[in-house]
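Novice: Attaching a single structure in structure tokens format; questions to follow.
The values are calculated or read from the model by the stated rules, or taken from the named source; none is laboratory data. Keep in mind that what you see is a predicted model, and the values were worked out from it rather than measured. Backbone-built Cβ (ideal geometry, glycine too); neighbour counts: all protein chains shown. Only protein heavy atoms, including side chains, enter the accessible area calculation; ligands, DNA and RNA are left aside. Shrake-Rupley method; radii C 1.70, N 1.55, O 1.52, S 1.80 Å.
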Amino acid sequence: FGTGAMVFTGLLASSIGGWLTGILALIFIFLTPSFLGHSMMNPKDIPFAMGYIMSIYYTYLLLTQLPDLKRKTLMLLGIGLGVSLGVRAGGLINFAILAMMLGLNYLSQYGISGIFNQSKNLILYLKAFLIPSLIGYAIALLFWPFAMQSPIKNVLKSLSELSDYGVNIRLLFNGEMVFAQSLPTDYLPRWVLVTVPVIILLGWILHLIFISKIWKKYNPSGLFLVSFSFLFPFLYVIYKGSTVYDGWRHMLFPYTAGVVFSALSIGYL
């Protein structure tokens, strides 16, 4: 799963910025100690990270192929959705991202009026969402006995529990012991800044410096997808004050998109 997450990180970067960017992204994530180390022993966060970035990659591929719906893309997107949701209820974010990107793409192509006078195209986009979503949901249920008992209610119940774990353990942070349910606001940012390779941080800074040129050079929808997939989970967890254990292992999944974000900047230079 760790290898798969690295490969799909590279594939997403290459699909947006070319093979040089893809190779850089693959090297960057492989040389991230936190990610590589967890790939050897973490049976939860790493498979979730792979399902997450796999879903993001095939979501972007689907967008570039529209209005053609290729069975292979729909199937593999469904597998990515199934892996992410089957590992953790938070995998529903991939379903939401897919719906958001399809909706934005549809509005950019046909406008709001297209909802009412473009029924054929609307049905096409609904298929693009429903087919992989149903495949992914079915795969997730196969490996989730609790969800089998009530496919809607229990999944939502797990999601609500995920945002605020009930176990309140003590963690070492910044030279002090803190409780997991009342972490300082800078807990996640500081952990990331002191453990992520400097080259990744440099890429994030360069993206801000050359943002206008980078967004002119690469596909804007791809850049928006990567940016949202990287930033939103971090900002949401910080805003909600969600319980986080053992460093930032729970947030390894958006880091995959963060590597792509950085590699695009280095590749641009």
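Novice: Any idea of the accessible area per residue across region 1-142, 1.4 Å probe, to the nearest Å²?
Specialist: 44 Å²
Novice: Could you sort Arg190, Arg249, Arg71 by accessible area so the largest value comes first, with the probe set to 1.4 Å?
Specialist: Arg71, Arg190, Arg249
Novice: List the residues whose amide H sits under 5 Å from the amide H of Phe173, counting only those 5 or more places along or on another chain, with H placed 1.01 Å from N in the peptide plane.
Specialist: Residues meeting the criterion, in which the H sits 1.01 Å from N, are Val178.
Novice: Let me ask something else. Using a cut-off of 17 Å between alpha-carbon atoms, which aspartates and glutamates can reach Lys240, once sequence neighbours fewer than 8 places away in the same chain are excluded?
Specialist: By straight Cα distance, Lys240 reaches Glu161, Asp164, Asp186.
Novice: Another question, then. For region 1-77 and region 105-127, compute the distance between their C-alpha centroids and round to whole Å.
Specialist: Spelled out, the Cα-based centre of one part sits 28 Å from the other.
Novice: Taking a 1.4 Å probe, which of Met101, Met148 shows the most accessible area, and what order do the others take after it?
Specialist: So the residues, ranked largest to smallest area, are Met148, Met101.
Novice: Mean Kyte-Doolittle of at least 1.0 plus a Cα span of 20 Å or more along the axis: flag which DSSP H helices in the chain meet both, please.
Specialist: Span-like helices here: 2-17, 71-87, 92-110, 119-142, 220-240, 252-268.
Novice: Please state, as a whole number in µm²/s, the translational diffusion coefficient that the Stokes-Einstein equation yields for region 22-99 at 25 °C and 0.890 mPa s, with Rh defined as the Kirkwood radius across alpha carbon pairs.
Specialist: After rounding, the answer is 184 µm²/s.
Novice: Run the numbers on region 79-150 and let me know its relative contact order in percent, using alpha-carbon pairs under 8 Å that are six or more apart.
Specialist: 50 percent
Novice: Please report the carbon-and-sulfur percent of the accessible area for region 138-269; probe 1.4 Å, protein heavy atoms only, DNA, RNA and ligands left out.
Specialist: 67 percent
Novice: When the Kirkwood hydrodynamic radius is evaluated over all pairs of different C-alpha atoms of region 79-168, what value in angstrom, to one decimal, is obtained?
Specialist: Roughly 14.5 Å, rounded to one decimal.
Novice: Mind checking which lysines have their Cα closer than 20 Å to the Cα of Lys44? Skip sequence neighbours fewer than 8 apart in that chain.
Specialist: Lys157
Novice: Work out, in µm²/s and without decimals, the Stokes-Einstein translational diffusion coefficient of the chain at 10 °C, 1.306 mPa s, Rh from Kirkwood over C-alpha pairs.
Specialist: 82 µm²/s
Novice: Remind me, relative contact order of the chain in percent, using alpha carbon pairs under 8 angstrom and six or more residues apart?
Specialist: With pairs under 8 Å counted, the relative contact order is 27 percent.
Novice: Mind checking which lysines have their Cα closer than 19 Å to the Cα of Lys127? Skip sequence neighbours fewer than 8 apart in that chain.
Specialist: Lys70, Lys72
Novice: Given the -39500 (n - 2.57) contribution per DSSP H run of 4+ residues, what per-residue ellipticity at 222 nm results for the chain, rounded to the nearest 500 deg cm²/dmol?
Specialist: -24000 deg cm²/dmol
Novice: Follow-up question, since we're still on this one. Near the amide H of Arg88, under 5 Å away, which other amide H atoms are found, from residues 5 or more places off or on another chain, if H is placed in the peptide plane?
Specialist: none
Novice: If you don't mind, there's one more thing I want to ask. Return the FRET efficiency for the residue pair Glu161, Phe232: r is the Cβ-Cβ distance, R0 is 25 Å, and the value is rounded to the nearest 0.05.
Specialist: The calculated FRET efficiency here is 0.80.
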